[in-house]
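Asker: Structure below; questions to follow.
The values are calculated or read from the model by the stated rules, or taken from the named source; none is laboratory data. Because the structure is predicted, anything quoted here is derived from the model rather than measured. A quick note on method: Cβ atoms are made from the backbone with ideal geometry, for glycine too, and the neighbour counts reach across all protein chains shown.
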Amino acid sequence: MPSLLITGAAGMLGCDTVTTLQPAYKLLPFSHDALDVTDSAAVEDCFRQHQPDSVLHLAALTNVDRCQTEPDRATAVNIAGTRNVALACRRHNAELIYVSTLAVFNGDAAEPYSEDDTPNPRSIYAKSKYEGECIVGELVERHFIVRAGWMFGGGIEDKKFVAKILDLARQRDELTVVDDKFGCPTYTVDFANAIRHISESRRFGVYHAVNTGSPVSRFDLARRIVEIAEITSCTIRPVSSDTFPLPAPRPRMEAGVNDALAAAGLPIPRPWDEALFDYITSRLTDR
């Protein structure tokens, strides 16, 4: 059974990835505390000790606004940390699976982005993730770059949009949510399954791995969340993103299509609405 070292394994995506990939690999999961990817010596020691066949690099600073206000920290984790992992993979002949984001595109397109479109990131976060992609492509011959959409999952570890909307909708009688930003919700469990299929295919390159379905606005996604949870006491109202000025710019279009998965003949993730229903009704019932 091949060994797979996972950085950042204790986060929302990491928790679901460990559970999903457990049957297929000998897993070597490391939290941020257990393995600081910004420490090149610690990364090298870890690789030397465990000699992984493959590495799934999840460790990243993903708070978009924190990256914007703390660019040095974003650079240290997302760029220098990725370089440390990539160099260790090259030295120890390990494959590298790098998780990136559809935010690497500027968001001006009218339609979802494919792997053939040219990245043009705007925020510090997106720029750091795209630079990470370039580092991986340059340093590691056997690599996969897998881009995610608006991620949801993690159950009790969920601190992102779905869990926040559920918590707020149960506390308030009205929520305002922006209706001019569009994306493709992506369930962590489905994303992890896509990673497994991509890795097993031996077809190296760049992939999008998002749940299918038409792009959805944050407003329409919030309405669907409260509908699935059967919360009738809270009204969701649309507003412009100008209502909520934030430190980091967000793409207007942050949706993608899975063209590379289709071309490789690999399974395509199910529709986001189906995955969202499954997630809320099976894992967030007590939230």
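Asker: Looking at 135, 97, which is the one that is assigned to a strand (DSSP E or B), modelled with pLDDT of 95 or more and either touching a strand residue (DSSP E or B) at 6+ places or on another chain (Cβ under 9 Å) or closer than 24 Å to residue 216 by Cβ (or both)?
Answerer: Testing whether each residue is assigned to a strand (DSSP E or B), modelled with pLDDT of 95 or more and either touching a strand residue (DSSP E or B) at 6+ places or on another chain (Cβ under 9 Å) or closer than 24 Å to residue 216 by Cβ (or both) leaves just 97.
Asker: Same structure again: Condition first: surrounded by 16 or more Cβ atoms within 10 Å (Cβ to Cβ) and assigned to a strand (DSSP E or B). Can you find one or more residues in segment 29-48 that meet it?
Answerer: yes
Asker: Of everything in segment 227-259, what is out of contact with any Asp or Glu (no Cβ under 9 Å at 6 or more places or on another chain) and either more than 19 Å from residue 271 (Cβ to Cβ) or of a type in the set (Lys, Arg) (or both)? Give them in sequence order.
Answerer: Across segment 227-259, the qualifying residues are 230, 231, 232, 243, 244, 245, 249, 250.
Asker: Which number in (1) outside any loop (DSSP other than H, G, I, E, B); (2) touching a residue at least 40 places away in the same chain (Cβ under 8 Å); (3) more than 20 Å from the chain's Cα centre (by Cα) marks the one condition that residue 206 misses?
Answerer: Tallying (1) outside any loop (DSSP other than H, G, I, E, B); (2) touching a residue at least 40 places away in the same chain (Cβ under 8 Å); (3) more than 20 Å from the chain's Cα centre (by Cα), residue 206 fails exactly one: (3).
Asker: List the number of the failed condition for residue 8; all other conditions in (1) surrounded by fewer than 17 Cβ atoms within 10 Å (Cβ to Cβ); (2) at positive phi; (3) not aliphatic (A, V, I, L, M) hold.
Answerer: Among (1) surrounded by fewer than 17 Cβ atoms within 10 Å (Cβ to Cβ); (2) at positive phi; (3) not aliphatic (A, V, I, L, M), residue 8 violates only (1).
Asker: Would you confirm whether any residue within segment 240-255 is in contact with a Phe, Trp or Tyr (Cβ under 8 Å, 6 or more places away or on another chain) and under 30 Å from residue 202 (Cα atoms)?
Answerer: yes
Asker: With 52, 112, 119, 71 as the choices, which residue is under 19 Å from residue 26 (Cα atoms) and of a type outside the set (Gly, Ala, Ser)?
Answerer: 52
Asker: How many residues are among the hydrophobic types (A, V, I, L, M, F, W, C), farther than 23 Å from residue 13 by Cβ and surrounded by 13 or more Cβ atoms within 10 Å (Cβ to Cβ) when one looks only at segment 234-261?
Answerer: Residues that pass the stated criteria total 3.
Asker: Test residue 190 against the stated conditions and say whether it is acidic (Asp, Glu), in contact with a helix residue (DSSP H, G or I) (Cβ under 7 Å, 6 or more places away or on another chain), outside any helix (DSSP H, G or I) and in contact (Cβ under 8 Å) with a residue 12 or more places away in the chain.
Answerer: Judged against the criteria, residue 190 is not a match.
Asker: Something else about it: Working only within segment 1-52, note down all residues that are small (Gly, Ala, Ser), more than 20 Å from residue 77 (Cβ to Cβ) and modelled with pLDDT of 95 or more.
Answerer: 3, the sole residue that qualifies.
Asker: Do we find a residue being in contact (Cβ under 8 Å) with a residue 60 or more places away in the chain, closer than 17 Å to residue 283 by Cα, among the basic types (Lys, Arg) and surrounded by fewer than 21 Cβ atoms within 10 Å (Cβ to Cβ) anywhere in segment 163-175?
Answerer: Looking for residues that are in contact (Cβ under 8 Å) with a residue 60 or more places away in the chain, closer than 17 Å to residue 283 by Cα, among the basic types (Lys, Arg) and surrounded by fewer than 21 Cβ atoms within 10 Å (Cβ to Cβ), one finds at least one in segment 163-175, hence yes.
Asker: Tally the residues that are in contact with a Phe, Trp or Tyr (Cβ under 7 Å, 6 or more places away or on another chain) and either at positive phi or among the hydroxyl-bearing types (Ser, Thr, Tyr) (or both), restricting the search to segment 262-287.
Answerer: Residues flagged as in contact with a Phe, Trp or Tyr (Cβ under 7 Å, 6 or more places away or on another chain) and either at positive phi or among the hydroxyl-bearing types (Ser, Thr, Tyr) (or both) within segment 262-287 amount to 1.
Asker: Just give me the residues in segment 93-125 being surrounded by 19 or more Cβ atoms within 10 Å (Cβ to Cβ), touching a residue at least 60 places away in the same chain (Cβ under 8 Å), of a type in the set (A, V, I, L, M, F, W, C) and within 11 Å of residue 251 (Cβ to Cβ), in sequence order.
Answerer: 102, 103, 105
Asker: Scan segment 141-162 for residues that are in contact with a Gly (Cβ under 9 Å, 6 or more places away or on another chain), surrounded by fewer than 21 Cβ atoms within 10 Å (Cβ to Cβ) and not in a loop (DSSP other than H, G, I, E, B) and jot them down.
Answerer: 157
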